[in-house]
Amino acid sequence: MVDKTIMLVCASGMSRSLLVSKMKKAAEDKGIDAEIFAVSASDADNNLANKNIDVLMLGPQVKYMEKEFAGKLADSPTNLAVINMQDYGKMKGEKVLNEALTMIGQ
């Protein structure tokens, strides 16, 4: 059973899959059972409706959507954050994972 579910929302591209891979590796190294995946902004609503998301992290390129997602999550326990641009650009998976875990009290 998955303990935590972390969804990244980005514009489409290869960089998000690399960041997700690094986050998964960091979670594995820490012994954390987490489902970590990325979707495009257009697929986010479907995933929010069908999955129990603990943390939703926006890629820097979709930061402008933060208020929109905050409104959608107003009645939800899902935590919302924008990924630090430098961490995203440098693909610092462990740092991004740690931020997500901090948001959910881990």
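Full extension of the segment from Met65 to Asp45, taken as 0.36 nm per residue of separation minus the current Cα-Cα distance, would add 6.0 nm.
Dividing the summed helix terms, -39500 (n - 2.57) for each DSSP H run of n ≥ 4, by the number of residues in the chain produces a 222 nm estimate of -14000 deg cm²/dmol to the nearest 500. Of all lysines in the structure, the ones whose alpha carbon falls short of 29 Å from that of Lys25, not counting any fewer than 8 places away in one chain, are Lys4, Lys51, Lys63, Lys90, Lys92, Lys95.
Remark: segment 1-87 carries 56 Å² of accessible area per residue (probe radius 1.4 Å; ligands, DNA and RNA excluded). Rolling a 1.4 angstrom probe over segment 15-106 with all protein chains present gives an accessible area of which 47% lies on carbon and sulfur atoms.
Ranking of Phe69, Phe37 by solvent-accessible surface, largest first: Phe37, Phe69 (1.4 Å probe, protein heavy atoms only, all chains present). Here the average projected area of the convex hull drawn through the C-alpha atoms of segment 12-71 stands at 4.5 nm². Computed packing ranks the peptides 77-85, 45-53 as 77-85, 45-53, most packed first, by mean other Cβ atoms within 10 Å.
Proximity of backbone amide H atoms, modeled 1.01 Å from N, is registered between Glu35 and Asp3, Lys4, Thr5, Ile6 at under 5 Å, excluding neighbours fewer than 5 places apart on the same chain. With the convex hull of its Cα atoms as the shape, segment 3-106 has an orientation-averaged projected area of 5.8 nm².
The values are calculated or read from the model by the stated rules, or taken from the named source; none is laboratory data. Computed from a predicted model, the values in this text were never measured in an experiment. Because the Cβ atoms are built from the backbone with ideal geometry, glycine has one as well, and the counts that use them run over all protein chains shown. To get the accessible areas, we keep the full protein, side chains included, count just its heavy atoms, and leave off ligands, DNA and RNA. Shrake-Rupley method; radii C 1.70, N 1.55, O 1.52, S 1.80 Å.
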